[in-house]
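Undergrad: Just passing along the structure, written as structure tokens.
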Amino acid sequence: MELYNTLSRKKEEFVPMEEGKVRMYVCGPTVYNLIHIGNARPMIVFDTVRRYFEYKGYDVNFVSNFTDVDDKIIKKAIEEGVSADEISKRYIAECKKDMEGMNIKPATKNPLATEEICGMVDMIQTLIDKGYAYEKNGTVYYRTRKFEDYGKLSHKNLDDLRSGERALLVTGEDEKEDPLDFVLWKPKKEGEPFWESPWSEGRPGWHIECSEMSKKYLGEQIDIHAGGEDLVFPHHENEIAQSEAANGKEFAKYWMHNAFLNIDNKKMSKSLGNFRTVREISEQYDLQVLRFFMLSAHYRSPLNFSADLMEASKNGLERIVNAAENLKFRMKNAKEEAITEAEQEAYAKTEEFVGKFEAAMDDDFNTADAVAAVFDLVKYINTNTSEESSAEYLKKLLERLTKLCDVLGLIVDKEEEMLAEDIEKMIEERQAARKAKDFAKADAIRDELLAKGIILEDTREGVKWKKA
């Protein structure tokens, strides 16, 4: 298995630090509002990475944080006249709802910044003791130039940053030893939440939280650190500087970053009026469609969101789900139970599609090609099954399709929904009307069922139904 390492800028063979185990940290959202589809991409991408590692037999310790103290959270709390804690708890709950809709597996641990302050204070003190940090009037800064490898992830030169990257400068720069130094701890402002520290009543800087939480829940060294490419600099660069200076060893072996998401070929922003939350998308589509859309391109390729592409994703997902539904329907009506020799040979040929799927995923998690392999399997299933197929053969095909789709987080084998007794009765009445050649009555019942959200499909194998 190979993955692209942002640190080396090339694909590398994945070799875990501990055989059979993967330690993986993914930066989570700042919870001040509903998550947007830009947040959704890394969630879906790295959930899929995790699922593939598990498919390959690895034990994955997957940690993803919630930033629950931040200027945006505080601003929202002031606007609503509530506490910052109330805002963060509300939107963590909403975020988890959306994550469930996208079929994102719960992390091994979702640490909260506010619950890990003591550990952050300890790490900051370690950095001070080692000479990598210093305090000025209650603010603690990191000595960026003291860390010789600063810039190794983003491949930025410190002198170029000094002259051109003014965004690095923060309030209080006149108190810094160097304008490039960044904040580890800042004193409270009026009305802000705060915690005790040796330097002032205040709160930690953003970067230190991930360094501390990764260390606490995964250890001083981890296999994979991941997030959106917008985090490469300065967030992940600063994490490396903090963690490696404090712990005295390499922080993460592999760094993975997904590319940006655009809306109708434009950068998503509130000012352009093209800002889309996951919740808004859920009002138009099942969030499985959003997941399918996100996996339709390689995670390192920029992805463009549009209504046309979402419709195409909806249709593509339906093809896969319909194949699974057809297999289940034929299983219920199969005349023969045991698989035949010819069917065993036909089933053995599906190994080819499994091989294509795994080859795609082994090549830096190429989900676009993995989805193509699933479509090849669907086509094979549709052309190599019939009402004469045995139940065992159909079941094995369904299990194979379901297993590959599960790696992608796509639910195709949904639990069968029970029809209400009155609807079952109406279907029986329609069948009786058809048998008696009372087609007017049969059509009327069909229309009434459609009004109740039930679509009927007459096939050679009997009546099939689904919800509209």
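The values are calculated or read from the model by the stated rules, or taken from the named source; none is laboratory data. Just so we're clear, the structure is a prediction, and the values are computed from it rather than from any experiment. Here the Cβ is made from the backbone with ideal geometry for all residues, glycine too, and neighbour counts use every protein chain on show. For the accessible areas, the whole protein counts, side chains as well, though only heavy atoms, and no ligand, DNA or RNA atoms are used. Shrake-Rupley method; radii C 1.70, N 1.55, O 1.52, S 1.80 Å.
Undergrad: Please go through region 58-72 and give me each residue that is among the hydroxyl-bearing types (Ser, Thr, Tyr) and without any contact (Cβ under 8 Å) to a residue 60 or more places away in the chain, ordered by number. Don't jump to the end; show me each part of the working.
TA: Initially, region 58-72 is screened for residues among the hydroxyl-bearing types (Ser, Thr, Tyr), giving 58, 64, 67.
Matches in region 58-72: Tyr58, Ser64.
Undergrad: Still on this structure, I have one more. Just for region 211-239: of the residues that are touching a strand residue (DSSP E or B) at 6+ places or on another chain (Cβ under 8 Å), assigned to a helix (DSSP H, G or I) and hydrophobic (A, V, I, L, M, F, W, C), which one is nearest to Arg145 (Cα to Cα)?
TA: Val232
Undergrad: State whether one or more residues within region 381-396 are farther than 30 Å from Val15 by Cβ, among the β-branched types (Val, Ile, Thr) and loosely packed, with under 13 Cβ neighbours inside 10 Å.
TA: Scanning region 381-396, I find at least one residue that is farther than 30 Å from Val15 by Cβ, among the β-branched types (Val, Ile, Thr) and loosely packed, with under 13 Cβ neighbours inside 10 Å, so the answer is yes.
Undergrad: Read through the list (1) at pLDDT 95 or above; (2) within 21 Å of the chain's Cα centre (by Cα), then give the number of the only condition that Glu343 fails.
TA: So Glu343 meets the others, but not (2).
Undergrad: Looking only at region 286-315, count every residue that is open to solvent by less than 30 Å² (accessible area, probe 1.4 Å), without any contact (Cβ under 8 Å) to a residue 60 or more places away in the chain and either touching a Phe, Trp or Tyr at 6+ places or on another chain (Cβ under 8 Å) or part of a loop (DSSP other than H, G, I, E, B) (or both) and tell me the total.
TA: Total satisfying the criteria: 4.
The rows are residues; the columns are (1) at pLDDT 95 or above; (2) under 21 Å from Val232 (Cα atoms); (3) acidic (Asp, Glu).
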residue	(1), (2), (3)
Glu115	yes, no, yes
Thr171	no, no, no
Asp174	no, no, yes
Trp195	yes, no, no
Pro198	yes, no, no
Ile208	yes, yes, no
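Undergrad: Pick out the one residue from Glu388, Glu343 that is of a type in the set (D, E, K, R) and in a loop (DSSP other than H, G, I, E, B).
TA: Glu388
Undergrad: Still on this structure, please answer the following. Restricted to region 180-215, and to residues that are of a type in the set (Phe, Trp, Tyr) and either under 14 Å from Val69 (Cα atoms) or without any contact (Cβ under 8 Å) to a residue 24 or more places away in the chain (or both), which residue is surrounded by the most Cβ atoms within 10 Å (Cβ to Cβ)?
TA: It comes out as Trp185.
Undergrad: For Asn61, indicate whether it is of a type in the set (S, T, N, Q), under 25 Å from Asn304 (Cα atoms) and surrounded by fewer than 22 Cβ atoms within 10 Å (Cβ to Cβ).
TA: Against the criterion (of a type in the set (S, T, N, Q), under 25 Å from Asn304 (Cα atoms) and surrounded by fewer than 22 Cβ atoms within 10 Å (Cβ to Cβ)), Asn61 does not qualify.
Undergrad: Consider Asp363 against the criteria (1) under 18 Å from Val321 (Cα atoms); (2) open to solvent by 30 Å² or more (accessible area, probe 1.4 Å): it satisfies all of them except one. Which criterion is unmet?
TA: So Asp363 meets the others, but not (1).
Undergrad: Does Met123 fit the bill of being open to solvent by less than 20 Å² (accessible area, probe 1.4 Å), under 30 Å from Asp413 (Cα atoms) and aliphatic (A, V, I, L, M)?
TA: Considered against the rule, which asks whether it is open to solvent by less than 20 Å² (accessible area, probe 1.4 Å), under 30 Å from Asp413 (Cα atoms) and aliphatic (A, V, I, L, M), Met123 comes out as no.
Undergrad: When you go through (1) buried (at least 22 other Cβ atoms within 10 Å of the Cβ); (2) of a type outside the set (A, V, I, L, M, F, W, C); (3) out of contact with any Phe, Trp or Tyr (no Cβ under 9 Å at 6 or more places or on another chain) one by one for Asn265, which number turns out not to apply?
TA: (1)
Undergrad: So how many residues does region 438-458 have that are of a type in the set (Gly, Ala, Ser) and either in contact with a helix residue (DSSP H, G or I) (Cβ under 6 Å, 6 or more places away or on another chain) or within 13 Å of Glu428 (Cβ to Cβ) (or both)? Quick ask: steps written out before the conclusion?
TA: Filtering region 438-458 for residues of a type in the set (Gly, Ala, Ser) gives 440, 442, 444, 451, 453.
Narrowing further to those that are either in contact with a helix residue (DSSP H, G or I) (Cβ under 6 Å, 6 or more places away or on another chain) or within 13 Å of Glu428 (Cβ to Cβ) (or both): 442.
Result for region 438-458: 1.
Undergrad: Mind checking which residues of region 399-437 are within 15 Å of Asn103 (Cα to Cα), among the charged types (D, E, K, R), at pLDDT 90 or above and buried (at least 16 other Cβ atoms within 10 Å of the Cβ)?
TA: Selection gives Asp406 alone.
Undergrad: Here's another thing I want to ask about it. Does any residue in region 348-372 that is charged (D, E, K, R) come within less than 6 Å, Cβ to Cβ, of a residue that is open to solvent by 60 Å² or more (accessible area, probe 1.4 Å) six or more places away or on a different chain, and which pairs are these?
TA: Asp364/Glu2; Asp364/Lys11
Undergrad: Here is a follow-up. Of all residues in region 1-32, how many are within 30 Å of Lys75 (Cβ to Cβ), open to solvent by less than 50 Å² (accessible area, probe 1.4 Å) and in a loop (DSSP other than H, G, I, E, B)?
TA: 4
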